[in-house]
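Written below as structure tokens is the structure these notes are about.
The values are calculated or read from the model by the stated rules, or taken from the named source; none is laboratory data. On a predicted model such as this, the values are computed, not experimentally measured, just so you know. No Cβ is skipped: glycine too gets one built from the backbone with ideal geometry, and neighbour counts run over all protein chains shown.
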Amino acid sequence: MSSNLVNVGGVADPHHRYKRPALKVKEENARTNGQRTVIENIDDVCRAIYIPPTYATQFFGYELSVSVRFQEKTKEGGRTCTVLMGLHSAATLERLMTKFELLYVVCPVCKDGGSRLSVSRKNGVRIKCGACGKISPPRQSHKVEKFMTKNPPPKQQSGLEIGSSSGAPSELGAIGSVGGLESVLKAGPVIAEPSPLKEGKQKKKKLESEPESRKRGEKKEPEHKKEHKKEPEFAPESELDQKQASPVEKLHEIF
């Protein structure tokens, strides 16, 4: 086991599954700001336990009753660290970090150290355990919970229900995130175009079902025209006989 790793929750078992880096504490004597303590790897520590570094920084400030500041690295330079006013030993800060883990990382039901923290303004602070599946409140309330609910994790990291501002991993990934889901919903349903082979088969079936007159190109008369079509008027047989009678027959009829 590497010497710079410690067990989450202060477990004494050397083969404990959940570990995190030990705090790198540095004491500084600044001429302008006075004495201060810097935790140089707070980002790596909080990423290992899926906690935003601002939550742990604020927790240290409440416990030690000192002013604290989380400094994030920028493009211009600098470093990502937690700055506490006054001099504090590494042992003291490790003890407070273990207390924080017992409150917000370790499951209060099954004592598993791989839980995730769910923070929202509506439901408050909840611990979601991946081992037993329970969603439970912390075993003890703390002042830092007000800061947590006022500063919930970003939406793009809501797959973990918790995330670091410096890029903690997310279980949903790019597609399962809220932004990716919205883009899929905005795209609308996908309509598949019919294949040319299928169209040819449909036309062939249609031609087979049609009568031969339609195949030859003859126009089919509508039914309403058939009904109203007038039949030719034929003259009665007597009139036809008169028309066809010869003039000799007419003379015989007269005489």
Practice item. Could you list, in sequence order, all residues of the stretch 120-134 that are surrounded by 14 or more Cβ atoms within 10 Å (Cβ to Cβ) and on the phi < 0 side of the Ramachandran plot? Key: SER120, VAL125, ARG126, ILE127, LYS128, CYS129, LYS134
Exercise for review: Collect the residues in the stretch 23-48 that are crowded, with 18+ Cβ neighbours inside 10 Å and in contact (Cβ under 8 Å) with a residue 60 or more places away in the chain, keeping them in residue-number order.
Suggested key: LEU23, VAL25, ASP43, CYS46, ARG47
Study note, to complete from the structure: In the set LYS111, LYS122, the lone residue that is among the basic types (Lys, Arg), within 16 Å of GLU145 (Cβ to Cβ) and in a loop (DSSP other than H, G, I, E, B) is LYS122
Exercise for review: Would you mind stating whether VAL6 is surrounded by 12 or more Cβ atoms within 10 Å (Cβ to Cβ), of a type outside the set (Asp, Glu), within 19 Å of SER67 (Cα to Cα) and touching a residue at least 12 places away in the same chain (Cβ under 8 Å)?
Suggested key: no
Review point. Mind checking which residues of the stretch 51-70 are surrounded by fewer than 17 Cβ atoms within 10 Å (Cβ to Cβ) and closer than 15 Å to VAL25 by Cβ?
Key: VAL66
Review point. Are any of the residues in the stretch 108-119 surrounded by 16 or more Cβ atoms within 10 Å (Cβ to Cβ), without any contact (Cβ under 8 Å) to a residue 60 or more places away in the chain and in contact with a Leu (Cβ under 7 Å, 6 or more places away or on another chain)?
Key: no
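So that you can scan it fast, the table gives a plain yes or no per residue for (1) in a loop (DSSP other than H, G, I, E, B); (2) more than 29 Å from PRO154 (Cβ to Cβ); (3) over 34 Å from the mean Cα position of the chain (by Cα); (4) at pLDDT 95 or above:
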{"site": "ALA12", "(1), (2), (3), (4)": "yes, yes, yes, no"}
{"site": "HIS16", "(1), (2), (3), (4)": "yes, yes, no, no"}
{"site": "GLU28", "(1), (2), (3), (4)": "no, yes, yes, no"}
{"site": "VAL38", "(1), (2), (3), (4)": "no, no, yes, no"}
{"site": "ASP44", "(1), (2), (3), (4)": "no, no, no, no"}
{"site": "ARG79", "(1), (2), (3), (4)": "yes, no, no, no"}
{"site": "VAL83", "(1), (2), (3), (4)": "no, no, yes, no"}
{"site": "LEU87", "(1), (2), (3), (4)": "yes, yes, yes, no"}
